[in-house]
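Asker: Encoded as structure tokens, here's the structure I'll be asking about.
The values are calculated or read from the model by the stated rules, or taken from the named source; none is laboratory data. Keep in mind that what you see is a predicted model, and the values were worked out from it rather than measured. Heads up, the Cβs are rebuilt from the backbone with ideal geometry, glycines too, and the neighbour counts pull from every protein chain shown. All accessible areas refer to the heavy atoms of the entire protein, side chains included, with ligands and DNA or RNA removed. Shrake-Rupley method; radii C 1.70, N 1.55, O 1.52, S 1.80 Å.
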Amino acid sequence: MGYRTWMRYFTPSAVHRRLGLVCLGVGLQHGTLPVVGPRVLGHYVAVVVSKGRGWFAVAGGERQEVVAPALLWLVPGVGHHYAPDPAHGWEECFVDFDGTAVDAYVELGYVTPSKPVVPLGDVEAVRDIVSRIVRCARGGSPLAQVDASAAVHHLLVALRRAADRTPGDGSLLEALARDALLPISVAEIAARRGMTLPELRAAVRRSTETGLKDHLLTLRLNRAKELLATTRMPVQEVAKAIGYEDAAYFSRLFTRRAGLSPARFRESRVQAVPGGWSSRVPPPDDPPLVPTD
């Protein structure tokens, strides 16, 4: 059994690199591909194995089994070595990328150098984005480099969504989104889910790559911004609506995270018009734009 391969590469300019994330190449391969490496690259590559199985190893490490669908992270400066099953091969697509923005994606858990083999769920959305990059590479448009680089952002998000999560984590996050607005402690939130506080912290960290308190604060501040921008509720009532009895404490938290006070945030989203409110804010007799239940 042989193999088929197609690949194209981009050469981004210094201006393109100032965007923070650039696409360096894209490829499609299937069959009994040759062994890759051992080698070391100077940039990142996401290799998505959609069919088949094989193995992967980092320099000095043991071989890990790869069973499709799966993601292989190749990271700069780290030796790697991998191949499909020589009897049956596999089907893969890959995207080469680099840039200063990758550091943030690593910190947020979207790119995982410490976990180079990642099981995936449905990869249809991933394949669609790779197809978009392929079209950029084939088209020769002067906008192709920017379009392909923008698609890499979408690819990293799609890969994060396709990554396997512990069963139930999705419904847990939905429940937390509701509990976050209640005036209760994080310990009480854990108890409502039938979990210990360490168990809840671990589940949130596993799913979001952030701490429990930070995740809850983000949910609360997102809701506060909606209320400030779309209702006439006083700041004190907004604070209570998202679980804070102390409006001054809420204002300090909001200012620290958002970079401006609740009142200034509202001013920046609402434009006064003669004789009334902006169309972006409902009049007193109209229902609020954001559900209150």
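Asker: Hey, does the stretch 26-41 have a residue that's among the β-branched types (Val, Ile, Thr), part of a loop (DSSP other than H, G, I, E, B), open to solvent by 30 Å² or more (accessible area, probe 1.4 Å) and touching a Phe, Trp or Tyr at 6+ places or on another chain (Cβ under 8 Å)?
Answerer: Looking only at the stretch 26-41, we keep the residues that are among the β-branched types (Val, Ile, Thr), and these are 26, 32, 35-36, 40.
Okay, now just the ones that are also part of a loop (DSSP other than H, G, I, E, B), so 32, 35, 40.
After this cut, where a residue has to be open to solvent by 30 Å² or more (accessible area, probe 1.4 Å) as well, the list is 35, 40.
Okay, now just the ones that are also touching a Phe, Trp or Tyr at 6+ places or on another chain (Cβ under 8 Å), so 35.
Scanning the stretch 26-41 turns up at least one residue that is among the β-branched types (Val, Ile, Thr), part of a loop (DSSP other than H, G, I, E, B), open to solvent by 30 Å² or more (accessible area, probe 1.4 Å) and touching a Phe, Trp or Tyr at 6+ places or on another chain (Cβ under 8 Å).
Asker: Tell me, please, whether a residue that is among the charged types (D, E, K, R) and buried (at least 16 other Cβ atoms within 10 Å of the Cβ) can be found in the stretch 167-180. Explain how you work it out, then say what you get.
Answerer: As a first pass, look at the stretch 167-180 and keep what is among the charged types (D, E, K, R): 169, 174, 178-179.
From what's left, buried (at least 16 other Cβ atoms within 10 Å of the Cβ): 179.
Looking through the stretch 167-180, at least one residue is among the charged types (D, E, K, R) and buried (at least 16 other Cβ atoms within 10 Å of the Cβ).
Asker: Just give me the residues in the stretch 158-179 being modelled with pLDDT of 80 or more and closer than 15 Å to Thr210 by Cα, in sequence order.
Answerer: Arg160, Leu176, Ala177
Asker: Still on this structure, please answer the following. Could you please tell me which pairs satisfy a Cβ distance under 9 Å, a separation of 6+ or placement on different chains, a first residue in the stretch 129-144 that is part of a loop (DSSP other than H, G, I, E, B), and a second residue that is not aromatic (Phe, Trp, Tyr)?
Answerer: Cβ pairs passing all conditions: Ser141/Asp147; Leu143/Cys136.
Asker: A further question follows. Do we have Leu182 as in contact (Cβ under 8 Å) with a residue 12 or more places away in the chain and assigned to a helix (DSSP H, G or I) here?
Answerer: On the way: in contact (Cβ under 8 Å) with a residue 12 or more places away in the chain: yes; assigned to a helix (DSSP H, G or I): no.
No: the conditions fail for Leu182.
Asker: Let me ask you something else. Look through Pro119, Pro113, Pro142 and report the one residue that is over 26 Å from Val66 (Cα atoms) and open to solvent by 40 Å² or more (accessible area, probe 1.4 Å).
Answerer: On the way: Pro119 fails: over 26 Å from Val66 (Cα atoms); Pro113 fails: over 26 Å from Val66 (Cα atoms).
Exactly one of Pro119, Pro113, Pro142 is over 26 Å from Val66 (Cα atoms) and open to solvent by 40 Å² or more (accessible area, probe 1.4 Å), namely Pro142.
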